[in-house]
Structures are given as C-alpha cells and as structure tokens.
Amino acid sequence: ILGEHLRICPQGYTCCTSEMEENFANKSRSEFEAMMKEAGRSVQATLTAQHRSFDSYFQDLLNKSEKALYDAFPSMYGDLYTQNAKVFKDLYSELRRYYRSSNINLEEALNEFWTRLLERLFKLLNPQYHITDEYLDCMVKHAEQHKPFGEVPRDLKVKATRAFIAARSYAQGFLVGSDVVRKVSQVSLSQECTRAIMKLMYCPHCRGMASVKPCNNYCLNVVKGCLANQADLSTEWKYLMDSLIGVADRIDGPYNVDTVIGTIHMRIAEAISNLQENKDSITSKVFQGCGNPKISTKGSSSEDKKRRGKVTLEAKSSAQALEMLVLDAKGNLTALKTYWITLPSSLCSKKVMASSASDDKCWNGMTKGSYLPEVMGDGLANQINNPEVEVDITKPDMTIRQQIMQLKIMTNRLGNANIGNDVDFQDTSDDMSGSGSGDSCPDDVCGKRLSKSPSTRQPETHAIPKQSGHGINGASSRSLPSASFLLLLSVAVIAAQHLWR
C-alpha cells in the first residue's frame, strides 16, 4: 500500500499500517534499551566480581591476623593478655569499621589502642604500686618521649594507614564504577532517538526488506547520536580505570597489604616485648617525670604469669594470591577503559547485526544501497551535524552529568590514596550497596573515640551526593582538584542546565 500514513519510515510503498509502525517503534525502543542494560550488566558483573575477590582476600587477612593473636597471646603473655583481651578485640573491630568506610579516623584509632594498652600493661607490670587515672594521664603524656613500645607504634601507623587507605579506596572504586554503569544504563531514550532506532531496525521490514542488514556506518551514526551523553563519560571513566590500576600497584607494592595487614599481630607482640624488656628503665623515667606512686595496700602479685614460655609468631604469606588478584584486576580494568566509546560499534556489530562497512547492498535508512554520510565523532558536542538523530547539544542529560561527577570524585579519592592521603567523603546517598558504600557511624559511638594525642591529623571530610583530579599516574607531581571544587562545579552545571531549559 502507499505509505503516506507513515510518520517514521520512508513514505513509499509499504506493508506497514500506522499501528504496525507504532508497534515496531515501541519494540525497537524496548529492544535497544535492553541491549544497553545487558551490555552494562556485563561491566557491572566484572567490577563487582573484582570487588568481591579483593574484599574477601582483605577480610581474610584481618581474620587470620586476629586469630593468630588470640591463639598465641594467652600462652605468650598470660595475664598481660587475658586481662586486656578487649583492647585487642576493639582494635580489630575499629580496623574493620574503617575499611567498611565508617566515619573513623584511623590514626586516632591506632593512637587510642597504644594508649589503652600502655595504661593497662603499666599497671600490670607494676602491681606493687597504686596507680591512679591521674597518674596514668601523666604517664601517657611522657610516652612519646620514652617510647615504651619502641618504634613499632609509629612504624605501624605509617604503614597500616597507607595500606588501609589504599585498600578502602580500591574496594570502593569498583563499587562506584559498577553503580555508575547501572544508573547510566537505565537512562531512557529520547523521542528523537526512538524514531531513529525504529528507522534503523524495523523500517526495512515495512519495505519488504526484512533480510537486509543496516549499513554499518548508518548504524554507528544512529547509536552515536543516541548515546552521545554516555560517550561523554569516557574521559572520566578512563581516569577511574587508570586510578584503580595505580592503586592496585601500590597495594601489591609500596603499601603491600599482605605484608602490613597480615602481620599486625606480630608487630603488637614486638611492641609488648619491647615494653617488657625495658620495663625498669621506662618505669624509672616515668617516676622521674610523674613522681613515685603510692605502694599498693593489696600487695604485689607475681609477675611470672606475664610470659609462659616462648611462642614463635608466624605470618602465613598470601603474596602470591595478592599478586594474582592484582594481575587479574589490572587486565579487566585495562579492557574496560574504552567501554563507553566502543559501545556503539559493539552494539552495531553484535546486537543490531549491521553489515560490513563496504557493503553497498545494506539498509541506508531509505532503501537498499550504500551509505554515504561520514561517521560522527564521539560525545555530545560532535552530534551537531548528525544526519540520523536530532540531538540538542545544549541540553546534556543531568543523570549522566551527575555520574560524571561521581567518577571525578572517586578518581580524586584514589589519587589521594595513591600518595597516602586519607580524604574521607561522607556519602549521603542511600542506594549504594556493598561494603564500600559509606556505612554510617552513630555519634554516640564515634564521638567516644577521641585520641589522647593532640597531634593526630583529621582526614579531610567533604559531604557529597556520593563518591579527580585525573589519572593516577604522576599523581604525586600534580595537584588533584579538591572535592569541594568538584561539587561546586557540579552544582554550577546543574543550575546552568535549568537556565537552558
């Protein structure tokens, strides 16, 4: 029949009614959106699997270290351990809460541990004296000078904070990346895009050419026009992938989590041994600075219980497992770098099943023949002359712009982690899942974790909608934009968009 009634397909002779054309339009829209979600699910699955593997490995490291401490310390230290078991348990709890992104200052938590341990052990090692809380406060003030635990607290604080900062940011980077893909894959097609997809995929049917494949370059122009906003994610997406690779190298290199996290119990044992070996000297120095405490009326108990034989602590290395984890992650991250700009060609070749680029007997949008227009570039700005899709380049998609901002902020965080800085973002969104989503920390709990050391540095804290500088490589030689600046930039973009509309 004559096709004057058609609103999308060419109005020559056709076998489609208006109702059929409308049904085809709806069908093409749902099919294309399903293609997008399927492609996104594949990327999400890759990132989620990488997060799960690393998270399991890291948690296992902590668990093994804690178990080794619980198994060995009772026989090594007797009362020194049994009467202070909660101090050790609290330390591992704090370390886990920090890794899960609770609002905890890691340096404060470590300082608090050494302070509490010193107070308890000093009293146990000097049972013949009545030591008051005021006296302990004085003793703690002199602790930095006397170094009762040797260099272990300082050394562990430097190494553990860097390892935990890197591990936490690394784990969260995978979750943020996965969440960005999920949200972007759910962005609906515009009306102009729906028409273009229908013309690409089903107008050949209406012309009796159901077996004719769309021309490849024709398909690319349609899909690049429809996914113009998505392509604008590419730059920041690549920076995120590079940043994760950079931190992965740190985790298996300078900030080696296997060496640091897996040996925490050994460093604690070393610190306690330092205190025991230098007990008399340290006690004498404390008495000089704080005065002699009163003799206890309860009498002194035997100190022999503090060590019940020599036990050798060992760390079971999982360095090979870490190396394989990092190697696998780097391979996957490298493969995902170009995801957004290769998505159109991937959809055209694998889903739409377009013909080869040289085919002159393909569907070109009007009939069977060759396709002459040039292929547009990637991104919104390059669609101004797209012959197949009418794209308003002055109206960027706000959902996608917000996700670009999430990528910038997460990359900035990874950049700081790469140089050992802890930038603690308060994630105010509630739809992120997994251990990197910013678990809350009740004020009545976190508020009590105050260190007695006035020198502890608080991490920078920025309230943001959710978790760059740019690439991680060379992060130490260039300044990364602050999260505050990025947030202001995001607000400015959104405000400008409302004015455009």
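Overall form of the range 72-137: oblate. Here a/c, set by the Cα gyration tensor axes a ≥ b ≥ c, is 1.5 or more, and a/b is not larger than b/c.
Derived scalar couplings between HN and Hα for the range 374-379 equal 6, 7, 5, x, 8, x Hz in order, rounded to whole Hz, by the Karplus curve 6.51 cos²θ - 1.76 cosθ + 1.60 (θ = phi - 60°), x for Gly and Pro. By the gyration tensor of its Cα atoms, with a ≥ b ≥ c the square roots of the eigenvalues, what is the shape of the range 369-416: rounded for a/c under 1.5, prolate for a/b over b/c, or oblate? Prolate is the answer for the range 369-416, as a/c is 1.5 or above and a/b outweighs b/c. Split the accessible area of the range 57-118 by element, probe 1.4 Å, and carbon with sulfur accounts for 51%. Restricting the range 29-58 to chymotrypsin sites (Phe, Trp or Tyr not before Pro) that sit in a DSSP loop and have at most 12 other Cβ atoms within 10 Å of their own Cβ leaves nothing.
Need the full-extension length gain, E151 to R120, defined as separation in residues times 0.36 nm minus the C-alpha distance. One decimal, nm. Before the final figure, lay out each step's value.
Details: separation 31, 0.36 × 31 = 11.16 nm, distance 1.93 nm.
Full-extension gain reported as 9.2 nm.
A DSSP coil position with no more than 11 other Cβ atoms inside 10 Å describes the following GluC sites (Glu not before Pro) in the range 96-191: E151.
Put a dot 7 Å past the Cα of A34, heading toward its Cβ, do the same for D137, and the two dots end up 7.1 nm apart. Loop-only trypsin sites (Lys or Arg not before Pro) in the range 51-127, please: DSSP not H, G, I, E or B, and at most 15 other Cβ atoms within 10 Å. Answer by residue number: there is no such site.
By its C-alpha gyration tensor, with a ≥ b ≥ c as the square roots of the eigenvalues, how is the range 327-397 shaped: rounded for a/c under 1.5, else prolate for a/b larger than b/c, else oblate?
On the way: a/c = 3.13, a/b = 1.36, b/c = 2.30.
Verdict is oblate for the range 327-397.
Hey, any idea what % of the range 124-238's accessible area is carbon plus sulfur with a 1.4 Å probe? Write down the numbers at each step before the final one.
Values: 1840 of 4090 Å².
In the range 124-238, the share of accessible area belonging to carbon and sulfur is 45 percent.
Explain nothing, just the number: relative contact order of the range 1-155, from Cα pairs under 8 Å at least 6 residues apart, as a whole percent. The normalised contact order for the range 1-155 reaches 11 percent. A simple spin-label model places pseudo-atoms 7 Å from Cα toward Cβ; at M209 and S370 they are separated by 1.5 nm.
The values are calculated or read from the model by the stated rules, or taken from the named source; none is laboratory data. Bear in mind that the values here come from a model prediction, so they are computed numbers and not experimental data. All Cβ positions, glycine included, derive from the backbone under ideal geometry; neighbour counts span all protein chains shown. These accessible areas exclude ligands, DNA and RNA; they are computed on the full protein's heavy atoms, side chains included. Shrake-Rupley method; radii C 1.70, N 1.55, O 1.52, S 1.80 Å.
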